[in-house]
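Below is one structure, written out as structure tokens; comments come after it.
The values are calculated or read from the model by the stated rules, or taken from the named source; none is laboratory data. Computed from a prediction, not measured in an experiment: that's the story for all the values here. Backbone-built Cβ (ideal geometry, glycine too); neighbour counts: all protein chains shown.
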Amino acid sequence: MPYIRQGAAYNTDTLRAFDDDYFALSRFLRKGRLQVVTQLRDQASFILGEIGFDWRALGRLDDALEAMEAALKADEANRDSVNAPAQAAILSHTYLIRGQIGKAITSADKGTKLAAGKRYFRMVNIGNRADGRHHAGELDLALRDFAEAERLSLALYGSPLRSLLGCRYCDCLLSKAKYAEVLRRTKETLKWDEKGGYKLDDLPARERLNPRHALQLQGAVLPLALNRLARCRAFLQRFERTLDHASLRSARAELEKALHGLRKAETRHELPRGLLVEVHILRLEGNFDEARRKLNEVLALVQEGKMELYETDAHLQLAWLELGESKPTGATKSLGKVRSLINKLGYHCLKPQADEIERRLAEL
């Protein structure tokens, strides 16, 4: 193991070399099987968990889930009270992107129980359970869970939810049209990040960093990018309710920073979030041809990786786009696909938007 890594997660957090990391770790598996060789059986959880993490970043969700499930099983067999709840949390978010929302909630719930008295892992799993409930359309339960996770964050760090959980909380608040609250939270997070020396605007080249700082900075890129994306979506929501074009310009500026960070993070399972918001902005700007081109790019990416959550979002954007282009036949077809996926996945938080498209189609 020491020959593969220079410190924790060096290959992935610093080098972003997910494919090389997987290739190295796969040498420790039995040929043609997702099973660790006998000599390293005591390292099975670590190896399988890392392989799952790499596959997820490469957009191979089904492979990632198989490895992560095996890792969690090994952790539970070893009664590992640290890695088991951590793995359950990672598994929960991966289930969510795959579109298995019920499993996402169940895995986070299991992680909460496995965490026992460990407040950090309780916080993460409760936050992930909230995220699953948000996507399931259970907004009141989701907000209750996020509030509980935030109480744990305040007890642990003296601050509200930050990083990935903070971004997921903001997503849920936007489903309640609380864009002013999201703008306040994301602004506070920006100040907090900048105080710690983390800024997307001027990411230094890796060769100018010592390995420890490089590890810290690259590990922070994804939450930095998603915070910018939440801020972008809040400006976008304010524009749609006020028609204040300054808000649309602010959304565009935040999007550019978010996409820069998402590409720097090199995680194919998160990039579609930003691309879908870009489609939304292009549509509002009236740039329908570019929106359609970008949407085709997103659909190819998410269908290849079987990211059905994002695929549903993409078909929703397509329905809105065709409605804006005065193509009711196409919009109706896309809406049918959206409703089918909502029912299949239990992705009920999109139902209000689907209902609004249907209402507007009826008025044509």
(message) Looking only at residues that are of a type in the set (A, V, I, L, M) and over 17 Å from residue 307 (Cα atoms) in the range 263-279, which one is nearest to the chain's Cα centre (by Cα)?
(response) 265
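Condition (residue is of a type in the set (Phe, Trp, Tyr) and either over 22 Å from the mean Cα position of the chain (by Cα) or surrounded by fewer than 16 Cβ atoms within 10 Å (Cβ to Cβ) (or both)) applied to the range 295-317: is it met by at least one residue? Full working, then the answer.
The initial filter retains those residues of the range 295-317 that are of a type in the set (Phe, Trp, Tyr), namely 310.
Adding the requirement that they be either over 22 Å from the mean Cα position of the chain (by Cα) or surrounded by fewer than 16 Cβ atoms within 10 Å (Cβ to Cβ) (or both) leaves none.
Checking the range 295-317: not a single residue is of a type in the set (Phe, Trp, Tyr) and either over 22 Å from the mean Cα position of the chain (by Cα) or surrounded by fewer than 16 Cβ atoms within 10 Å (Cβ to Cβ) (or both).
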(request) Would you point out which residue out of 142, 136, 155 is crowded, with 17+ Cβ neighbours inside 10 Å and free of Cβ contacts under 8 Å to residues at least 40 places away in the same chain? (result) 142
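Look through 62, 75 and report the one residue that is closer than 20 Å to residue 114 by Cα, at pLDDT 85 or above and among the acidic types (Asp, Glu).
It is 75.
It is to be established whether one or more residues within the range 191-202 are modelled with pLDDT of 95 or more and not acidic (Asp, Glu).
Taking the range 191-202 as the starting set, the residues that turn out to be modelled with pLDDT of 95 or more are none.
No; the residues of the range 191-202 include none that is modelled with pLDDT of 95 or more and not acidic (Asp, Glu).
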(message) Looking at (1) among the hydroxyl-bearing types (Ser, Thr, Tyr); (2) at positive phi; (3) in contact with a helix residue (DSSP H, G or I) (Cβ under 9 Å, 6 or more places away or on another chain), which one does residue 326 not meet, given that it meets all the others?
(response) (3)
